[in-house]
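Engineer: I have a structure here, written as structure tokens, and I will follow up with some questions on it.
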Amino acid sequence: MSTLSQKEMGNLKVLSVQISKRKPGRRIVKCNDGSVFRISEDAFILNPVSEGDELNETDVRILKESIQKQEVLESAYYLLNYRMRSEAELQNRLLQKGFDLPEIQNAIQSLKKNGYVNDREFAAAFAREKVKNKHIGLKALTYEFLPHKIDSQILALVYKEIYREFPPLELIEYHLRKLRKSGQIKLEPKEKSRIINTLKRKGFEWELIRTVIEP
């Protein structure tokens with residue numbers, strides 16, 4: 001009998017234990033009630049299960065929890081393999097995959113401890129990508145960050161750093177060069193209004209816009 005069920009005979013009898021063909025790190029356990037569940041290789045080594053073993057409810061719960069922990073971590077690694085993600089984004093993506101919140105939170109804590117999830121590093125990289133590629137101001141950048149729920153103190157530092165590297169007035173000048181008609185010296189009221197509205201949509205404050213539009 002398995003070491004898991006030495007204390008109490010269960011009502012499930014193991015009919016077979018096989019290595020998963022799709023995922024070698026899994027064991028497929030089939031029971032006499034028709035149930036089939038997966039267990040991780042690590043759990044199998046710690047709690048070996050063999051044909052003929054009887055499992056009680058606690059045994060099954062422990063085995064299933066082991067695979068759930070492994071699968072949520074594997075899914076997290078898969079998502080992080082594509083690009084950096086904030087803690088909030090990673091949590092939402094894993095919730096969409098059907099994992100339970102406590103499992104996700106435990107996995108994220110482990111990932112943070114090992115340096116795979118770091119909101120400070122993510123925020124710096126995210127801000128640089130957005131400002132460099134979109135040439136956006138603080139309001140627009142703040143909006144881009146909303147889904148990520150980054151700590152306000154982290155964001156304050158990131159904003160200071162990114163707009164030191166990319167001064168807002170230079171970003172506005174970049175847009176003006178694109179928006180002005182070639183050779184245009186003085187802006188007509190209608191054209192001026194259009195440019196101001198565009199710069200506002202790009203996230204720039206009116207006080208900054210005015211210093212360039214109305215020198």
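Engineer: Students sometimes get this wrong: rank K134, K113 by accessible area, probe 1.4 Å, all chains present, largest first. Walk me through the numbers on the way to the answer.
Structural biologist: Details: K134 85, K113 180 Å².
I get K113, K134, largest accessible area first.
Engineer: Could you tell me the relative contact order of the chain? Use alpha-carbon pairs under 8 Å, at least six residues apart, and round to a whole percent.
Structural biologist: Numbers: 231 pairs, mean separation 31.8, N = 215.
It rounds to 15 percent for the chain.
Engineer: Put a dot 7 Å past each Cα toward the Cβ at K112 and N47; how far apart are the dots in nm?
Structural biologist: Between N47 and K112, the label points sit 2.8 nm apart.
Engineer: Apply the Karplus parameterisation 6.51 cos²θ - 1.76 cosθ + 1.60, with θ equal to phi minus 60°, to every residue of region 55-60 and state each ³J(HN,Hα) to the nearest whole Hz, in sequence, with x for glycine and proline.
Structural biologist: With the stated coefficients, region 55-60 comes to 10, 8, 4, 5, 4, 5 Hz.
Engineer: Which value, in debye to the nearest 20, gives the size of the charge dipole of the chain about its Cα centre, when Lys and Arg are +1 and Asp and Glu are -1 at the Cβ?
Structural biologist: Computed charge dipole of the chain: roughly 1520 debye.
Engineer: Next up: What nm distance separates the two modelled labels at R180 and R22, each placed 7 Å from Cα along Cα→Cβ?
Structural biologist: 6.1 nm
Engineer: Let me ask something else about it. Could you work out, for the chain, what percent of all Cα-Cα pairs fall into each 5 Å distance bin, beginning at 0 Å and stopping at the bin that holds the largest distance?
Structural biologist: 1, 6, 12, 12, 10, 9, 8, 7, 6, 6, 5, 5, 4, 3, 3, 2, 1, 0
Engineer: Which loop-located trypsin sites (Lys or Arg not before Pro) does region 68-107 contain, where loop means any DSSP state but H, G, I, E or B and the Cβ has at most 16 other Cβ atoms within 10 Å? Display every interim value, and only then the final one.
Structural biologist: Working: sites: K69, R83, R85, R93, K97; in loops: R83, R85, K97.
Those that pass, being in a loop and sparsely packed, are R83, K97.
Engineer: Hey, rough spin-label estimate for L169 and N56, points 7 angstrom out along Cα→Cβ, what's it come to in nanometres?
Structural biologist: Result: 7.6 nm between the two label points.
Engineer: Let me ask something else. In whole Å, what is the distance between the alpha-carbon centres of region 56-86 and region 96-136?
Structural biologist: After rounding, the separation between the Cα centres reads 17 Å.
Engineer: N56's amide H: which non-local residues (gap 5+, or another chain) put their own amide H closer than 5 Å, with H modeled 1.01 Å from N in plane and none for Pro or chain starts?
Structural biologist: Distant-sequence amide H within range of N56: G10.
Engineer: Let me ask another. So which lysines can K30 reach, going by Cα to Cα under 24 Å and dropping same-chain residues fewer than 8 places off?
Structural biologist: K7, K13, K21, K64, K69
Engineer: Calculate for the chain the 222 nm mean residue ellipticity that helices alone would give, adding -39,500 (n - 2.57) per DSSP H run of length 4 or more and normalising by residue count, nearest 500 deg cm²/dmol.
Structural biologist: Numbers: 10 runs with 126 residues, N = 215.
Calculated mean residue ellipticity at 222 nm is -18500 deg cm²/dmol.
Engineer: If you split all Cα-Cα distances of region 75-201 into 10 Å bins from zero, what percentages do you get per bin, shortest first?
Structural biologist: Using 10 Å bins, I get a P(r) of 11, 34, 25, 16, 10, 4, 0 for region 75-201.
Engineer: Of Y77, Y159, which has the most accessible area with a 1.4 Å probe, and how do the rest follow in descending order?
Structural biologist: Values: Y77 95, Y159 35 Å².
The most accessible residue leads, giving Y77, Y159.
Engineer: Also, I was wondering about something else. Looking only at Cα atoms, what is the convex hull volume of region 24-112 per residue, in Å³? Show your work: numbers first, answer last.
Structural biologist: Working: hull volume 10.1 nm³, N = 89.
Measuring per residue, one finds 113 Å³ for the Cα hull of region 24-112.
Engineer: For region 150-210, what log10 I(q)/I(0) values come out of the Debye formula at q = 0.24, 0.26 1/Å, with one point per alpha carbon and no solvent?
Structural biologist: Each listed q maps to, in turn, -1.02, -1.13.
The values are calculated or read from the model by the stated rules, or taken from the named source; none is laboratory data. Since we're looking at a predicted model, the values are computed, not measured. Here the Cβ is made from the backbone with ideal geometry for all residues, glycine too, and neighbour counts use every protein chain on show. These area figures cover heavy atoms from the full protein model, side chains too; ligands, DNA and RNA do not enter into them. Shrake-Rupley method; radii C 1.70, N 1.55, O 1.52, S 1.80 Å.
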